[in-house]
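Worksheet: one structure, shown below.
The values are calculated or read from the model by the stated rules, or taken from the named source; none is laboratory data. Fair warning: this is a prediction, and the values are worked out from it, not measured in the lab. Reconstructed Cβ throughout: ideal geometry from the backbone, glycine too, with neighbour counts over all protein chains shown.
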Amino acid sequence: MWNLATGEELLTLNGHNLSIRTVAVAPNGKQVISASDDKTLKIWSLATGEELLTLNGHNFSVKAVTITPNGQQAISTSDDSTLKIWSIATGEFTATFTGDSSINCCAVAPDGMTIVAGEQSGRVHFLRLQGMREESGEK
């Protein structure tokens, strides 16, 4: 992490064993999630650089990660053809969608309930979270 005004390096997050594919910053600005070729996601504190949780559940490289607007769920995609919904509080995955090929990207709409995911095959999936609350959750 860098101070953009001064160019000073503030902290470095070390913990993955292979390349990091992408990162997402939580809406509260206090955490970041990294996704890696090592099949894991890691949740980090931006204040301290401490690794808070490691999310295990994908069988191949994690390609993308995004965070719901309420900051309570992370959504990841992988070369294992899955999209997973994770609880940021517990690190457990709560739902899985399986496509026909590698799922390369995902985004969550401002409503916090609609997910769009793109497959290597060219398919685009529109998914809707059920049973989730839309309210904001500060962590």
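Looking across segment 16-47, the residues that are on the phi < 0 side of the Ramachandran plot and in a loop (DSSP other than H, G, I, E, B) come down to 16, 17, 18, 19, 26, 27, 28, 30, 37, 38, 46, 47.
Criterion first (surrounded by 15 or more Cβ atoms within 10 Å (Cβ to Cβ), farther than 15 Å from residue 127 by Cβ and either touching a helix residue (DSSP H, G or I) at 6+ places or on another chain (Cβ under 8 Å) or not charged (D, E, K, R) (or both)) does residue 62 satisfy it? Yes, satisfied. Annotation: of all residues in segment 66-81 being closer than 15 Å to residue 102 by Cβ and assigned to a strand (DSSP E or B), the one that is farthest from the chain's Cα centre (by Cα) is 78. You will find that of 120, 130, the residue that is of a type in the set (S, T, N, Q) and modelled with pLDDT under 95 is 130 and no other.
Pairs meeting the criteria (first residue in segment 2-22 and at pLDDT 90 or above, second residue in a loop (DSSP other than H, G, I, E, B) and surrounded by 10 or more Cβ atoms within 10 Å (Cβ to Cβ), beta carbons under 7 Å, at least 6 apart or on different chains) are 16/38; 17/38; 18/37; 18/38; 19/37; 21/37; 21/61. Scan segment 114-136 and give yes if some residue there is in contact with a Pro (Cβ under 8 Å, 6 or more places away or on another chain) and of a type in the set (S, T, N, Q), otherwise no. Looking through segment 114-136, at least one residue is in contact with a Pro (Cβ under 8 Å, 6 or more places away or on another chain) and of a type in the set (S, T, N, Q).
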